[in-house]
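Student: Quick one: the structure is below, questions incoming.
The values are calculated or read from the model by the stated rules, or taken from the named source; none is laboratory data. The model shown is predicted, which means the values in this text are computed figures rather than measured ones. When we count neighbours, we look across all protein chains shown, and the Cβ atoms used for this are built from the backbone with ideal geometry, even at glycine. Ligands, DNA and RNA are stripped out before the accessible areas are found, and what is left, the full protein with its side chains, is counted by its heavy atoms. Shrake-Rupley method; radii C 1.70, N 1.55, O 1.52, S 1.80 Å.
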Amino acid sequence: MNLQELAAQVAAEFQKHYGREPRWIAAAPGRVNVIGEHTDYNDGFVLPMAIDRYAIMAADLASAPGKISLYDTHFKESAAIDVSGPVTKGAPKWSNYIRGVLAGFQNRGWKIPALDVAFTSTVPLGGGLSSSAALEVSTGTLMEAVTGKKIDPVEKALIAQKAENDFAGVPCGIMDQFISALGRENHLLLLDCRSRQTELVPMNDPAVSLLIINTNVKHELSGGEYAERRAQCEEAARLLGVKSLRDATAEILERGKNKLSEVVFRRARHVIGEIERTLHAAEGIKNSNWPTVGQFMYASHYSLRDDYEVSCRELDAVVEIAEGIGIKGGIFGCRMTGGGFGGCCVALVKTDAIDSITKRISADYKAKTGIEATIFSSRPAAGATVIKG
Ligand code: GLA
């Protein structure tokens, strides 16, 4: 379903639920990270793109003051958020993504109006494609539409990240919210997570595509593993005497090896290598050097699997199948994407081989794991947008 169709659908659901048309519609995309994993909170580089899957919200002013009514059109669930004072954490759990963003706008002096809202999402939940960032950034974009005020997209991303940190309890970096707010059609975004400078990297060769393979094994980043990795990176930086792992090199790491535990050494080795791979891969994409980009993607996966230990059996199975298909079968490279422990792989493929690759991965993955994968491709999509209002 494209964005216009999705907007029509959410508008119809709004009408059915609230008995009138919505006045505003805003949407924000999920993302897939092509390379640069677990580098964002180390001040490193990431290379994500927005995908044409969205969280979308339709709204109108509410008749009753002081609260935002929420209706999830997919799960047919309702919730309400008290906006008469400072917005706080609350139930249900998913409402915290929205609550956190509202609180962020309040902290910047915005008054949150009472609203009736219907929303849905086509970003798979818990699939490592940033369904939560999409919901957060679409909430921020809806606030802009409703109030008629604009906010710098970088500020919007930072509010959304803080919502994820403080209200959802995930100490995430800046990547997901940034790409959801700033994505550009037919481009990847090379983001320097230290300076927050961005560079758009064109990705519009119709002969190559990015294929997203959802293992359908769900992940939960609030489970503690993510926070543990982050703490290990901070420890490594401290022991190596650098501000963050962005400032370390392979030589610095080697020299400081005996100060680090074996595990912390491997965590640091992943981050330092991954930051380099990301820059090389971005160059490769600019030069349409697909086999090279693919090699960096595989190297990224092995490092995430062996050094960073955030992969899982199912993600590894997909990558092994992809390797078996190889360039001959149309795959340049494949890796897990996002936080890990389940979720999706991303593969760089020849567009005309998508059908045969999809069939082969589906069958082999099912045979290896007993699970049905969900596979789809996406062109790089635009970031958050107001569709009506
Ligand atoms: C999650 C986080 C991001 C990033 C990735 C790993 O998606 O939300 O900030 O750290 O994991 O690269």
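Student: Could you compute how fast the chain diffuses translationally, taking Rh as the Kirkwood radius over C-alpha pairs and applying Stokes-Einstein at 37 °C with viscosity 0.692 mPa s? Give it in µm² per second.
Tutor: Details: Rh = 21.3 Å.
Result for D is 154 µm²/s.
Student: Here is a further query. If you consider only alpha-carbon coordinates, what radius of gyration and Dmax does the stretch 39-177 have, in Å?
Tutor: In Å, with Rg to one decimal and Dmax whole: 14.4, 47.
Student: Give the Debye-formula value of log10 I(q)/I(0) at each listed q (0.22 Å⁻¹), with one equal scatterer per alpha carbon of the stretch 277-365, two decimals each.
Tutor: -1.07
Student: For the stretch 175-319, what size does the Cα cloud have along each of its three principal axes, sorted from largest down, in whole Å?
Tutor: Computed over the stretch 175-319, the largest-to-smallest principal extents equal 49, 33, 30 Å.
Student: Let me ask something additional. As a test of the formula, what do you get for the chain when each DSSP H run with n ≥ 4 contributes -39,500 (n - 2.57) and the sum is divided by the residue count, at 222 nm and rounded to the nearest 500 deg cm²/dmol? Kindly include the intermediate steps, with their values, before the conclusion.
Tutor: Values: 11 runs with 157 residues, N = 389.
So the calculated ellipticity at 222 nm is -13000 deg cm²/dmol.
Student: I need the peptides 36-42, 276-282 ranked by packing, meaning the mean over residues of other C-beta atoms within 10 angstrom, with the highest value on top.
Tutor: So the peptides 36-42, 276-282, ranked by packing, come out 36-42, 276-282.
Student: Which of the lysines could be linked to Lys76 by a straight reach, that is with a Cα gap under 30 Å, when you skip same-chain ones fewer than 8 residues away?
Tutor: Lys16, Lys67, Lys89, Lys93, Lys111, Lys156, Lys162, Lys218, Lys388
Student: May I pose another question? Using modelled backbone amide H atoms (1.01 Å from N, in-plane), which distant-in-sequence or interchain residues come within less than 5 Å of Ala382's amide H?
Tutor: For Ala382, whose amide H was placed from the backbone, the distant partners under 5 Å are Glu185.
Student: At a Cα cut-off below 26 Å, give the lysines reachable from Lys328, other chains included and same-chain residues fewer than 8 away excluded.
Tutor: In chain and number order, the partners are Lys286, Lys350, Lys359, Lys366, Lys368.
Student: Further question on the same structure: Once the Cβ-Cβ distance between Glu372 and Ser261 is put in as r, and R0 is 41 Å, what FRET efficiency do you end up with, to the nearest 0.05? Display every interim value, and only then the final one.
Tutor: On the way: r = 40 Å, r/R0 = 0.97.
It comes out at approximately 0.55.
Student: Next question, about the same structure. Counting only protein heavy atoms and a 1.4 Å probe, tell me what percentage of the chain's accessible area is made up of carbon and sulfur.
Tutor: Values: 7700 of 15400 Å².
Using a 1.4 Å probe with all protein chains present, the chain comes out at 50 percent carbon and sulfur.
Student: Scanning the chain for helices, which whole DSSP H stretches are 27 Å or more long along the axis (Cα) and average 0.0 or more by Kyte-Doolittle?
Tutor: Working: long enough: 262-286 (36 Å, -0.23).
Helices meeting the span and hydropathy rule in the chain: none at all.
Student: Compute, for the stretch 223-272, the length of the dipole vector about the Cα centre, with Cβ point charges of +1 (Lys, Arg) and -1 (Asp, Glu) only. Units Debye, rounded to 20. Spell out each step's value before the answer.
Tutor: On the way: 11 positive and 8 negative charges, 18 e Å.
For this selection, approximately 80 debye.
Student: Moving on to the next point. May I ask you to derive the FRET efficiency for Tyr302 and Leu61 from their Cβ-Cβ distance with R0 = 56 Å, giving the value to the nearest 0.05? Can you show the working numbers first?
Tutor: Details: r = 53 Å, r/R0 = 0.95.
Calculated transfer efficiency: 0.60.
Student: So what does the Cα-only Debye profile of the stretch 1-115 read at q = 0.15, 0.17 Å⁻¹, as log10 I(q)/I(0), no solvent term?
Tutor: Values returned for q = 0.15, 0.17 Å⁻¹ are -0.82, -0.98.
Student: Please report the relative contact order for the chain, taking Cα pairs under 8 Å with a sequence separation of at least 6, and give it as a percent rounded to a whole number. Could you put the intermediate results ahead of the total?
Tutor: Numbers: 880 pairs, mean separation 91.3, N = 389.
Answer for the chain is 23 percent.
Student: Counting only heavy atoms of the protein chains, get the accessible area per residue of the chain (1.4 Å probe) and round it to a whole Å² value. Walk me through the numbers on the way to the answer.
Tutor: Details: 15400 Å² over 389 residues.
I get 40 Å² per residue for the chain.
Student: Over the chain, what is the percentage of antiparallel beta bridges among all DSSP beta bridges, to the nearest 5? Working shown, then result.
Tutor: Numbers: 51 of 56 bridges.
In the chain, DSSP labels about 90 percent of beta bridges as antiparallel.
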